[in-house]
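Got a structure here, written out as structure tokens. Questions coming.
The values are calculated or read from the model by the stated rules, or taken from the named source; none is laboratory data. Note that the structure is predicted; figures quoted are calculated from it, not measured. With ideal geometry, Cβ positions are generated from the backbone for all residues, glycine too; neighbour counts draw on all protein chains shown. Heavy atoms of the whole protein, side chains included, go into the accessibility calculation; ligands, DNA and RNA do not. Shrake-Rupley method; radii C 1.70, N 1.55, O 1.52, S 1.80 Å.
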Amino acid sequence: MDTRELEIFLTVAETLHFGRASQACNLSPSALTRTIQRIEEELERPLFVRDNRRVTLSAAGEKLRVYARQSLQEWQTFRSTLREGEAVAGPLSLYASITAVYSLLPDLLEAFRGAYPEVQLELRTGAAEQAVILVSSGEIDLAVAALPDRHRSQIEFLPITTTPLLFIAPGGGMVAGLSPEGRLDLSRAPLVVPQSGLSRRRLDQWLKEKRITPNITSEVSGNEAIIAMVRLGVGVGIVPQLVLERSPFRDEVRVLDGGPQLEPYIVGLCTSRRNLQRPAVRAFWALAEERSDAGAG
């Protein structure tokens, strides 16, 4: 297998559609199919499971996707080392929540674009709890994320800001588990919680220590979605203050007293140690570090 074949395989693996993949690779459908067949013959394993309605990766295909990403990144890193001293260029993928795009990244992205105009920035948005996972898998070069509770040996983290976790309720009307003064009783209040992530783990740990069985009425993906559900009156939610301050619904919910004082989020950039060897990633990291140090001073 050569790098071109790995790139073709990755395109099919990410789109899971042979027609769209052939267009993206500028190949005829038959040429793309022959390439995949050659790889399958070389590995003596099927890479895709196909039926009349969809295409999925086989177990061998999942393993090859990880290998292909790592191999192509290492190839790009090697090529970059041959061009040391030349202008920083090439693609750079960045992942962040909508809140981070609005609050933490604008000045940094503007400064980076001005310093390195030949880098093609690829910005993806989504739920914050997916950030470290996407970096670990090699799907994303850099991400804005909360510092994990557990250290990951291959992930580097650069703190940018700290934000507390707040409990919020609908702006009007009564909610079970709230006193008239707005004090929160988590043994009675209906809860809107994230499906996964740091705040969910911290809340679950606190409830376990207090031996409280929570009344979870809704599990959602993303902090922005929690605020929207709380606004609708579904229950009480927990979100970082940074997200609440940027939400269009911030005036339609209220911050509660009396809830547990959970450890705040430390928010920053994360990337893999392998990615930091790439000039574009290293340049973005260094600029963020420089601006973070300037802000702290």
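Of the numbered conditions (1) without any contact (Cβ under 8 Å) to a residue 40 or more places away in the chain; (2) crowded, with 17+ Cβ neighbours inside 10 Å, Gln37 satisfies every one except a single condition; which is it?
(2)
This table checks each residue for (1) touching a Phe, Trp or Tyr at 6+ places or on another chain (Cβ under 8 Å); (2) assigned to a helix (DSSP H, G or I).
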site	(1), (2)
Leu10	no, yes
Arg34	no, yes
Arg38	no, yes
Asn52	no, no
Leu64	yes, yes
Ser71	no, yes
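Of the residues Ser93, Ser30, Ser103, Ser71, which single one is open to solvent by less than 20 Å² (accessible area, probe 1.4 Å) and not hydrophobic (A, V, I, L, M, F, W, C)?
Values: Ser30 fails: open to solvent by less than 20 Å² (accessible area, probe 1.4 Å); Ser103 fails: open to solvent by less than 20 Å² (accessible area, probe 1.4 Å); Ser71 fails: open to solvent by less than 20 Å² (accessible area, probe 1.4 Å).
When all the criteria are applied, what remains is Ser93.
Collect the residues in segment 192-224 that are small (Gly, Ala, Ser) and part of a loop (DSSP other than H, G, I, E, B), keeping them in residue-number order. Steps first, answer last, please.
If we filter segment 192-224 for residues that are small (Gly, Ala, Ser), which is where we start, we get 196-197, 199, 218, 221-222.
If the condition is that a residue be small (Gly, Ala, Ser) and part of a loop (DSSP other than H, G, I, E, B), then Ser196, Gly197, Ser221, Gly222 are the ones that fit.
Conditions tested, residue by residue: (1) in contact with a helix residue (DSSP H, G or I) (Cβ under 8 Å, 6 or more places away or on another chain); (2) part of a helix (DSSP H, G or I); (3) outside the structural domain of Gly138 (by the TED database).
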residue: Val230; (1), (2), (3): no, yes, yes
residue: Gly233; (1), (2), (3): no, no, yes
residue: Gly237; (1), (2), (3): yes, no, yes
residue: Leu242; (1), (2), (3): yes, yes, yes
residue: Asp251; (1), (2), (3): no, yes, yes
residue: Arg254; (1), (2), (3): no, no, yes
residue: Arg282; (1), (2), (3): yes, yes, no
residue: Trp285; (1), (2), (3): yes, yes, no
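Kindly indicate the residue of segment 270-280 that is in a strand (DSSP E or B) and either outside the structural domain of Leu121 (by the TED database) or not hydrophobic (A, V, I, L, M, F, W, C) (or both) and also farthest from Arg200 (Cα to Cα) among those meeting that condition.
Just the residues of segment 270-280 that are in a strand (DSSP E or B), to begin with: 270-272.
From the residues that got through so far, the ones that are either outside the structural domain of Leu121 (by the TED database) or not hydrophobic (A, V, I, L, M, F, W, C) (or both) too are 271-272.
On the way: Thr271: 23, Ser272: 24 Å.
Only one residue tops the list, namely Ser272.
Answer with yes or no whether Ala176 is surrounded by fewer than 15 Cβ atoms within 10 Å (Cβ to Cβ) and either farther than 26 Å from Ser103 by Cβ or in the same structural domain as Ala146 (by the TED database) (or both). Quick ask: steps written out before the conclusion?
Details: surrounded by fewer than 15 Cβ atoms within 10 Å (Cβ to Cβ): yes; either farther than 26 Å from Ser103 by Cβ or in the same structural domain as Ala146 (by the TED database) (or both): yes.
Judged against the criteria, Ala176 is a match.
Could I ask something else about it? Name the single residue, out of those in segment 41-50 being among the charged types (D, E, K, R) and assigned to a helix (DSSP H, G or I), that is least open to solvent (accessible area, probe 1.4 Å). Give the steps one after another, and end with the answer.
The initial filter retains those residues of segment 41-50 that are among the charged types (D, E, K, R), namely 41-42, 44-45, 50.
Of the ones still in play, those that are also assigned to a helix (DSSP H, G or I) are 41-42.
Working: Glu41: 134, Glu42: 110 Å².
Once the filter is applied, the top-ranked residue is Glu42.
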